[in-house]
Amino acid sequence: MEEGKNSNYFYAIAYEFLSRTKRSYFLTPLEIDLIIKWQKERIPLSVVLKGLEAGFKKSGRKKTLLYFKGFVEREYKNFSKASVGKRRSYKGEKKDDSYNELMGLIELIKDDDFKSLYEDFFSKERSSQEREDFDRTIDNKIIEIFGSEMDKYREEWEKKFSFIRVDEETKLSLVKKYLIVKKREELRLFSVLI
């Protein structure tokens, strides 16, 4: 795997865990080792994220990533069983792990309309310019759909970043970006610029 993919895998898991537990900004050495183990075992990112999701739905101590180990292993067994015997062709080639991971990430998108946009986009290979345009399209669609909530996000932004002093036009631009980031996170709309 390439270095960028390694760090994306690691940071996606760390971000999901730390943001939901609101514990701190750091993982313990044991937690880091666990993520590395999952990566070496080639457990797709989407499977790990589904395992985390399953763990968060259960009651119990969620203070450490080790709590989720069993959930991730169960999801991986289910994934492996479901993958056996499936035809694995994509544009006439074998599907690789990154394609399976991509399909898993699309499955995690919480809104069906956005999910359809991603599925359609990835129905064929895309250039880096097309990926950049698609990301911009997603951002514009977020503003189009959720722009009516701008006042709510403006208040939230002003409380969170009260120390930033800018003119009204710049503030509006920053609030739009804030809304986009929050909605991408909430709906799990990943960037395609990888």
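Have a look at Ser148, Ser162 and point out the one that is in the same structural domain as Leu189 (by TED's automatic domain parsing) and part of a loop (DSSP other than H, G, I, E, B).
Ser162
Does Lys176 fit the bill of being part of a loop (DSSP other than H, G, I, E, B) and either without any contact (Cβ under 8 Å) to a residue 40 or more places away in the chain or not assigned by TED's automatic domain parsing to the domain that holds Arg20 (or both)? Walk me through it before giving the result.
Values: part of a loop (DSSP other than H, G, I, E, B): no; either without any contact (Cβ under 8 Å) to a residue 40 or more places away in the chain or not assigned by TED's automatic domain parsing to the domain that holds Arg20 (or both): yes.
So Lys176 fails the test.
If you scan region 36-51, which residues turn out to be buried (at least 20 other Cβ atoms within 10 Å of the Cβ), part of a helix (DSSP H, G or I) and either of a type outside the set (Gly, Ala, Ser) or not assigned by TED's automatic domain parsing to the domain that holds Asn78 (or both)?
Within region 36-51, Trp38, Leu45, Val47, Val48, Leu49, Lys50 qualify.
The values are calculated or read from the model by the stated rules, or taken from the named source; none is laboratory data. These numbers come from a predicted model, not from an experiment. Virtual Cβ from ideal backbone geometry, glycine too; neighbours counted across all protein chains shown.
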